[in-house]
Amino acid sequence: MIESIGKKFLKSTITFMLEEGALNLIDAGIYEGDTRYLLSNMIAKISLSDSEYYISEEALSEMNYNENEVYTRSSLYKKFVFEHNIPCSVVRSELMRVQDEEDNPEWDSILDSCGSVVIITKEEDNILNKSHKSNMGEGWKWGDDEFRRYELCGIKISDVKVKVKGSICR
(Lines give C-alpha, C1' and ligand atoms only; values in the text may rest on other atoms or scores of the structure.)
Protein backbone atom coordinates (compact mmCIF):
# COMPACT_ATOMS: atom_id res chain seq x y z
CA MET A 1 0.00 0.00 0.00
CA ILE A 2 1.35 3.42 -0.94
CA GLU A 3 1.57 5.87 1.95
CA SER A 4 -0.54 8.97 1.40
CA ILE A 5 0.85 12.49 1.54
CA GLY A 6 -1.41 13.17 4.53
CA LYS A 7 0.00 10.19 6.42
CA LYS A 8 3.58 11.24 5.64
CA PHE A 9 2.79 14.76 6.85
CA LEU A 10 1.29 13.47 10.11
CA LYS A 11 4.29 11.23 10.77
CA SER A 12 6.77 14.03 10.07
CA THR A 13 4.79 16.46 12.26
CA ILE A 14 4.68 13.97 15.13
CA THR A 15 8.40 13.27 14.73
CA PHE A 16 9.10 17.01 14.81
CA MET A 17 7.01 17.40 17.99
CA LEU A 18 8.88 14.53 19.63
CA GLU A 19 12.29 15.80 18.60
CA GLU A 20 11.39 19.24 19.95
CA GLY A 21 10.46 17.77 23.32
CA ALA A 22 6.65 17.70 23.24
CA LEU A 23 6.66 14.55 25.35
CA ASN A 24 8.90 16.23 27.90
CA LEU A 25 6.25 18.94 28.24
CA ILE A 26 3.61 16.29 28.85
CA ASP A 27 5.87 14.51 31.34
CA ALA A 28 6.51 17.74 33.23
CA GLY A 29 2.80 18.60 33.28
CA ILE A 30 3.34 21.66 31.08
CA TYR A 31 0.67 22.06 28.39
CA GLU A 32 -0.36 18.52 29.21
CA GLY A 33 -3.95 18.74 28.01
CA ASP A 34 -3.38 20.50 24.71
CA THR A 35 -0.18 18.66 23.81
CA ARG A 36 -1.53 15.23 24.77
CA TYR A 37 -4.78 15.90 22.86
CA LEU A 38 -2.93 17.10 19.74
CA LEU A 39 -0.46 14.21 19.79
CA SER A 40 -3.18 11.61 20.39
CA ASN A 41 -5.31 12.96 17.55
CA MET A 42 -2.41 12.93 15.12
CA ILE A 43 -1.54 9.35 16.13
CA ALA A 44 -5.19 8.37 15.60
CA LYS A 45 -5.33 9.97 12.19
CA ILE A 46 -2.29 8.01 10.99
CA SER A 47 -4.23 4.74 11.04
CA LEU A 48 -7.55 6.39 10.17
CA SER A 49 -5.96 7.66 6.94
CA ASP A 50 -5.45 4.10 5.67
CA SER A 51 -7.49 3.17 2.61
CA GLU A 52 -8.58 -0.20 4.04
CA TYR A 53 -10.01 -1.07 7.46
CA TYR A 54 -10.42 -4.44 9.12
CA ILE A 55 -13.96 -5.36 10.15
CA SER A 56 -15.37 -7.60 12.85
CA GLU A 57 -17.41 -10.61 11.82
CA GLU A 58 -20.45 -9.12 13.58
CA ALA A 59 -20.15 -5.76 11.78
CA LEU A 60 -19.62 -7.56 8.48
CA SER A 61 -22.82 -9.56 9.05
CA GLU A 62 -24.75 -6.31 9.58
CA MET A 63 -23.29 -4.65 6.50
CA ASN A 64 -24.39 -5.18 2.93
CA TYR A 65 -20.76 -5.75 1.93
CA ASN A 66 -19.62 -5.69 -1.69
CA GLU A 67 -15.92 -6.41 -2.20
CA ASN A 68 -15.82 -4.16 -5.27
CA GLU A 69 -17.23 -1.12 -3.49
CA VAL A 70 -15.20 1.64 -1.87
CA TYR A 71 -17.23 2.92 1.08
CA THR A 72 -17.22 6.48 2.36
CA ARG A 73 -15.99 6.70 5.93
CA SER A 74 -18.94 8.92 6.85
CA SER A 75 -21.53 6.37 5.68
CA LEU A 76 -19.90 3.61 7.74
CA TYR A 77 -19.36 5.88 10.76
CA LYS A 78 -23.11 6.50 11.05
CA LYS A 79 -23.75 2.84 11.89
CA PHE A 80 -20.44 1.48 13.15
CA VAL A 81 -17.48 2.44 15.33
CA PHE A 82 -13.94 2.90 14.01
CA GLU A 83 -11.64 1.50 16.66
CA HIS A 84 -7.85 1.52 16.64
CA ASN A 85 -6.24 -1.90 16.98
CA ILE A 86 -3.74 -0.38 19.36
CA PRO A 87 -5.23 2.46 21.43
CA CYS A 88 -3.63 5.86 20.86
CA SER A 89 -2.75 6.08 24.55
CA VAL A 90 -0.72 2.86 24.21
CA VAL A 91 1.11 4.27 21.17
CA ARG A 92 1.78 7.53 23.02
CA SER A 93 3.10 5.58 26.02
CA GLU A 94 5.44 3.61 23.75
CA LEU A 95 6.73 6.84 22.22
CA MET A 96 7.38 8.17 25.73
CA ARG A 97 9.07 4.92 26.78
CA VAL A 98 11.54 4.92 23.91
CA GLN A 99 12.25 8.61 24.40
CA ASP A 100 13.25 7.86 28.00
CA GLU A 101 15.17 4.65 27.28
CA GLU A 102 16.85 5.10 23.91
CA ASP A 103 19.47 7.56 22.69
CA ASN A 104 18.11 7.66 19.12
CA PRO A 105 14.45 6.71 19.26
CA GLU A 106 13.06 5.37 16.00
CA TRP A 107 9.79 7.29 15.94
CA ASP A 108 8.89 6.20 12.40
CA SER A 109 9.23 2.54 13.36
CA ILE A 110 6.68 2.97 16.14
CA LEU A 111 4.35 5.08 14.01
CA ASP A 112 4.58 2.55 11.17
CA SER A 113 3.54 -0.24 13.53
CA CYS A 114 0.88 1.60 15.53
CA GLY A 115 -1.85 -0.61 14.16
CA SER A 116 -4.77 -0.10 11.89
CA VAL A 117 -8.50 0.43 12.26
CA VAL A 118 -11.23 -2.13 12.85
CA ILE A 119 -14.87 -1.42 12.09
CA ILE A 120 -16.96 -2.81 14.96
CA THR A 121 -20.57 -2.59 16.04
CA LYS A 122 -21.67 -0.23 18.81
CA GLU A 123 -22.43 -3.27 20.96
CA GLU A 124 -18.89 -4.61 20.44
CA ASP A 125 -17.53 -1.16 21.30
CA ASN A 126 -19.43 -1.27 24.61
CA ILE A 127 -17.91 -4.68 25.38
CA LEU A 128 -14.42 -3.49 24.47
CA ASN A 129 -14.77 -0.32 26.55
CA LYS A 130 -15.63 -2.28 29.71
CA SER A 131 -12.19 -3.81 30.04
CA HIS A 132 -9.85 -2.83 27.21
CA LYS A 133 -10.76 0.68 26.09
CA SER A 134 -7.22 1.97 26.43
CA ASN A 135 -5.10 -1.10 27.07
CA MET A 136 -4.08 -4.24 25.24
CA GLY A 137 -4.41 -6.65 28.14
CA GLU A 138 -2.01 -7.74 30.83
CA GLY A 139 1.39 -8.89 29.60
CA TRP A 140 1.06 -7.37 26.13
CA LYS A 141 4.18 -5.63 24.87
CA TRP A 142 4.96 -3.61 21.78
CA GLY A 143 5.14 -5.88 18.73
CA ASP A 144 2.72 -8.51 20.11
CA ASP A 145 -0.59 -9.32 18.38
CA GLU A 146 -2.34 -6.04 17.56
CA PHE A 147 -5.75 -7.77 17.77
CA ARG A 148 -5.22 -9.12 21.29
CA ARG A 149 -7.75 -6.94 23.09
CA TYR A 150 -10.49 -7.98 20.65
CA GLU A 151 -9.67 -11.61 21.27
CA LEU A 152 -9.80 -11.06 25.04
CA CYS A 153 -13.29 -9.57 24.63
CA GLY A 154 -14.55 -12.34 22.33
CA ILE A 155 -14.76 -10.05 19.29
CA LYS A 156 -13.85 -11.93 16.12
CA ILE A 157 -12.10 -10.02 13.35
CA SER A 158 -12.89 -11.19 9.81
CA ASP A 159 -10.31 -11.64 7.08
CA VAL A 160 -12.12 -8.98 5.01
CA LYS A 161 -10.59 -5.53 4.58
CA VAL A 162 -13.12 -2.86 3.70
CA LYS A 163 -11.95 -0.23 1.21
CA VAL A 164 -12.69 3.29 2.44
CA LYS A 165 -12.44 6.85 1.12
CA GLY A 166 -13.44 10.35 2.11
CA SER A 167 -12.93 12.57 5.12
CA ILE A 168 -11.52 11.03 8.26
CA CYS A 169 -14.14 10.54 10.97
CA ARG A 170 -13.04 10.76 14.59
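The values are calculated or read from the model by the stated rules, or taken from the named source; none is laboratory data. Just so you know, these numbers come straight off a predicted model, no measurement behind them. Quick note on the areas: whole protein, heavy atoms, side chains included, nothing else; ligands and nucleic acids left out. Shrake-Rupley method; radii C 1.70, N 1.55, O 1.52, S 1.80 Å.
Structure summary
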{"quantity": "Gain upon complete extension [Asp100, Glu52; 0.36 nm per residue less C-alpha separation]", "calculated": "13.9 nm"}
{"quantity": "Carbon/sulfur fraction of accessible area - the chain, other protein chains in place, 1.4 Å, %", "calculated": "47 percent"}
{"quantity": "Cα convex hull of the chain, projected area averaged across orientations, nm²", "calculated": "10.3 nm²"}
{"quantity": "Long pairs among Lys11/Lys130; Lys45/Lys130; Lys79/Lys161; Lys45/Lys78; Lys130/Lys161; Lys7/Lys163, criterion Cα-Cα beyond 20 Å", "calculated": "Lys11/Lys130; Lys45/Lys130; Lys130/Lys161"}
{"quantity": "Per residue accessible area of the chain, 1.4 Å probe, in Å²", "calculated": "55 Å²"}
{"quantity": "Residue order for Ser93, Ser116 - accessible surface, 1.4 angstrom probe, largest first", "calculated": "Ser93, Ser116"}
{"quantity": "Nearest 10 degrees, 0 to 90: helix 88-101 Cα axis against the chain principal axis", "calculated": "30 degrees"}
{"quantity": "The range 61-111: radius of gyration over Cα atoms, expressed as a fraction of 2.2 N^0.38 Å", "calculated": "1.78"}
